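K.L.:
My questions all concern the structure below.
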Amino acid sequence: IDRTLVLTYAAENSAEKAFCPLIKEGLSKIGIDVEIRPMIWTSQWELMKCGPEDVQDMFVLLWWPTFNDPYDTLYSLWSTEENPFWNFAYYKNSEFDDLIDEAYATPNPEKAKELYSEAQAIIVEDAPSVYLFDVETLVPMRSKKGNNNQAKYYNQPEHSKRILQKEVQKAPLLFKSIFGKKSHP
């Protein structure tokens with residue numbers, strides 16, 4: 001590559017900010033120069049929607065499923081669309097599209113699983129996106145009240161983080177009421 005690649009991330013996201021220098025460092029080891037450019041999410045979103053010729057070279061996107069079905073992620077991130085909503089790799093593969101559409105339409109769960117697996121193999125081979133890190137989030141809940149109904153596949157990192165940030169001033173009381181002891185330092 002004879003130019004510096006531009007990597008953008010949502011400036012307001014601490015996980016993305018912390019991870020971008022690692023991407024830059026890793027790519028520099030194989031001779032690829034990277035310029036890290038923080039952007040407010042809405043500005044980054046607009047840039048990503050400019051079209052394949054005008055977008056940044058790379059961007060960090062946190063993703064989690066909205067419902068427990070492979071179609072959600074596979075369709076949202078990589079299906080061919082004239083004006084992509086989330087497919088910011090501008091990835092196009094008709095075989096992939098056919099597989100996920102057939103899997104979604106089939107009433108047979110085993111057949112759907114097989115088709116989704118084939119579609120995922122295409123994504124791994126073509127690599128329009130790379131999964132680099134996972135954000136874990138502590139979400140305190142009172143199990144005695146039966147409130148722990150957060151879906152296991154739905155980490156909600158930023159939503160949970162905002163909730164915890166709002167509670168930070170109340171942390172000693174929060175931890176005492178949840179765990180029955182004083183807060184951690």
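The values are calculated or read from the model by the stated rules, or taken from the named source; none is laboratory data. Keep in mind that this is a model prediction, so the values were computed, not measured. When we count neighbours, we look across all protein chains shown, and the Cβ atoms used for this are built from the backbone with ideal geometry, even at glycine.
K.L.:
If we only count helices (runs of 4 or more DSSP H) wholly inside the stretch 33-106, which ones have 3 or more residues that are at pLDDT 85 or above and either assigned by TED's automatic domain parsing to the domain that holds Leu22 or surrounded by fewer than 14 Cβ atoms within 10 Å (Cβ to Cβ) (or both)? Reasoning before the result, please.
P.N.:
Values: elements: 41-48, 70-78, 94-105.
The qualifying helices (runs of 4 or more DSSP H) are 41-48, 94-105.
K.L.:
Take the residues in the stretch 118-147 that are polar (S, T, N, Q) and either touching a helix residue (DSSP H, G or I) at 6+ places or on another chain (Cβ under 9 Å) or surrounded by 15 or more Cβ atoms within 10 Å (Cβ to Cβ) (or both); name whichever of them is modelled with the lowest pLDDT.
P.N.:
Going through the qualifying residues, I end up with Thr137.
K.L.:
Just give me the residues in the stretch 13-32 being of a type outside the set (A, V, I, L, M), surrounded by 13 or more Cβ atoms within 10 Å (Cβ to Cβ) and part of a loop (DSSP other than H, G, I, E, B), in sequence order.
P.N.:
Across the stretch 13-32, the qualifying residue is only Asn13.
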